[in-house]
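Peer 1: Okay, here's the structure, questions in a sec.
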């Protein structure tokens, strides 16, 4: 099943990925695509953390969301999907919010952590604790209220612009003494919507795929 990827990275590269562990916090629009891509690249151990269930409003953009699994825990659905892709993958599913009570998940020996959390306070807590523990981490910025494809890039949080979430995060991290953070973001201005947050499948997918590709590249270079 890995013949196509080994043509690109070789058997040694594949074995390296099989030996790696990645934790994804937030298995929604972006995080679900991150998990999907990592599973299809042979990552040997994948952690997935989320407290929510699949809702009908998720169907337009989340890779795990189907009419047949509405109401099921996102981590349960994603775990089953990963194992259907790669039965040899060790999947660590944590059905919980990231907070003080669940923060011990970061002590799981992860080679990389992906922050795909929507809540600002929980995002800050995850980033700060991961940095404190010396863990590699990349964070997803805003993907909502945008519609143009192929605009996401990986950069340092302090080089971002035109992203309200990144601006708020820069200020908070600076106050906490964090001087560097890899993020996936877009300069595309947000669209004005009548209420709430609008979203489209290919935009959140692009953010997730770009983030996953960055993680794979970094893991191969370790």
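Peer 1: What single numbered condition from (1) at pLDDT 95 or above; (2) within 23 Å of residue 40 (Cβ to Cβ) fails to hold for residue 222?
Peer 2: Residue 222 satisfies every listed condition except (1).
Peer 1: So residue 142 ticks every box in (1) surrounded by 15 or more Cβ atoms within 10 Å (Cβ to Cβ); (2) at pLDDT below 95; (3) farther than 15 Å from residue 29 by Cα but one. Which box is left unticked?
Peer 2: Unmet for residue 142, out of (1) surrounded by 15 or more Cβ atoms within 10 Å (Cβ to Cβ); (2) at pLDDT below 95; (3) farther than 15 Å from residue 29 by Cα: (3).
Peer 1: Under 29 Å from residue 201 (Cβ atoms) and within 15 Å of the chain's Cα centre (by Cα): is that true of residue 156 in this structure?
Peer 2: No; evaluated as a whole, the condition is false for this residue.
Peer 1: Specify which of the listed residues (23, 38) is in contact with a strand residue (DSSP E or B) (Cβ under 7 Å, 6 or more places away or on another chain), surrounded by 16 or more Cβ atoms within 10 Å (Cβ to Cβ), at pLDDT 95 or above and outside any helix (DSSP H, G or I). Even if it seems obvious, please write down each step before you answer.
Peer 2: Values: 38 fails: outside any helix (DSSP H, G or I).
So the residue among 23, 38 that is in contact with a strand residue (DSSP E or B) (Cβ under 7 Å, 6 or more places away or on another chain), surrounded by 16 or more Cβ atoms within 10 Å (Cβ to Cβ), at pLDDT 95 or above and outside any helix (DSSP H, G or I) is 23.
Peer 1: While we're on this one: Looking at the range 60-83, which of its residues are touching a helix residue (DSSP H, G or I) at 6+ places or on another chain (Cβ under 8 Å), loosely packed, with under 15 Cβ neighbours inside 10 Å and part of a loop (DSSP other than H, G, I, E, B)?
Peer 2: Hits for the range 60-83 are 60, 70.
Peer 1: Looking at 173, 129, 191, 106, which one is over 25 Å from residue 19 (Cα atoms) and either without any contact (Cβ under 8 Å) to a residue 12 or more places away in the chain or not in a loop (DSSP other than H, G, I, E, B) (or both)?
Peer 2: None of the others qualify; the one that does is 173.
Peer 1: A further question on this structure: If I filter the range 20-36 for residues that are touching a helix residue (DSSP H, G or I) at 6+ places or on another chain (Cβ under 6 Å), over 23 Å from residue 185 (Cα atoms) and in contact (Cβ under 8 Å) with a residue 40 or more places away in the chain, do I get at least one hit?
Peer 2: yes
Peer 1: Here is a follow-up. So how many residues does the range 176-186 have that are surrounded by 11 or more Cβ atoms within 10 Å (Cβ to Cβ), assigned to a loop (DSSP other than H, G, I, E, B) and under 19 Å from the mean Cα position of the chain (by Cα)?
Peer 2: So the answer is 1.
Peer 1: Something else about it: Does at least one position in the range 45-54 carry a residue that is free of Cβ contacts under 8 Å to residues at least 24 places away in the same chain, within 28 Å of residue 200 (Cβ to Cβ) and over 15 Å from the mean Cα position of the chain (by Cα)?
Peer 2: First, pick out the residues of the range 45-54 that are free of Cβ contacts under 8 Å to residues at least 24 places away in the same chain: 53-54.
Subset that is within 28 Å of residue 200 (Cβ to Cβ): 53-54.
Next, only the ones that are over 15 Å from the mean Cα position of the chain (by Cα) stay: 53-54.
Scanning the range 45-54, I find at least one residue that is free of Cβ contacts under 8 Å to residues at least 24 places away in the same chain, within 28 Å of residue 200 (Cβ to Cβ) and over 15 Å from the mean Cα position of the chain (by Cα), so the answer is yes.
Peer 1: I need the full set of residues from the range 206-222 which are in a helix (DSSP H, G or I), closer than 15 Å to residue 12 by Cβ and in contact with a helix residue (DSSP H, G or I) (Cβ under 9 Å, 6 or more places away or on another chain), in order please.
Peer 2: 216, 219, 220
Peer 1: Could you list, in sequence order, the residues of the range 84-102 that are surrounded by 14 or more Cβ atoms within 10 Å (Cβ to Cβ) and part of a strand (DSSP E or B)?
Peer 2: Listed by number, the residues that qualify are 91, 92, 93, 94.
The values are calculated or read from the model by the stated rules, or taken from the named source; none is laboratory data. Note that this is a predicted model, so its numbers are computed, not measured. Using ideal geometry, Cβ is built from the backbone for each residue, glycine included, and neighbour counts are taken over all protein chains shown.
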